[in-house]
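Quick notes on the structure that follows.
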Amino acid sequence: SRLSQNERIETICSTQRLDLVFTIVSRGKGEAVLDIFRENKILQNIICHGHGTAPSSILEVLGLGATDKDIILSFVKAENSKKIIEQVSKKLDFAKPGHGIAFTVPLESIAGIMSFKMLTADLTEEEN
């Protein structure tokens, strides 16, 4: 049986979960993060500049240095999130204090099939 357009959209959006991966690194390290995402064909990334506002005494306790940060937001299929975070963590040595952090936020609802396809870089699927 042929699915209606609405049923097809519901099926695609319910079977392909997305995570929004946040990666926060020292200013200038964002390009290295983007390289890893691009190597994994994750092409929908946003890089922003951030500046921490914590007092220096708190930064010292946390082992953080510079407060200027690159914040990278990336749309990743949920089944790939853990692998990507592990790659970024290893390459940028997140095991050392102050080298960065990455975490995910699951995206439960995305309106618009073209928006979903754009976020998953799945623009080649036929519209029929």
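The values are calculated or read from the model by the stated rules, or taken from the named source; none is laboratory data. What you see is a predicted model; the values in this text were computed from it and never measured. Reconstructed Cβ throughout: ideal geometry from the backbone, glycine too, with neighbour counts over all protein chains shown.
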* Structure fact -> Of the residues in region 30-69, those that are under 18 Å from residue 94 (Cα atoms) and either assigned to a helix (DSSP H, G or I) or modelled with pLDDT of 95 or more (or both) number 12
* Asked: Which residues, counting only those in region 70-95, are touching a Pro at 6+ places or on another chain (Cβ under 9 Å) and either of a type in the set (Asp, Glu) or modelled with pLDDT under 90 (or both)?
  -> none
* Among the numbered conditions (1) surrounded by fewer than 17 Cβ atoms within 10 Å (Cβ to Cβ); (2) at pLDDT 90 or above; (3) farther than 20 Å from residue 69 by Cβ, tell me where residue 19 comes up short. => (1)
* In region 70-97, the residues that are part of a loop (DSSP other than H, G, I, E, B) and either touching a strand residue (DSSP E or B) at 6+ places or on another chain (Cβ under 6 Å) or buried (at least 16 other Cβ atoms within 10 Å of the Cβ) (or both) -> 92, 94
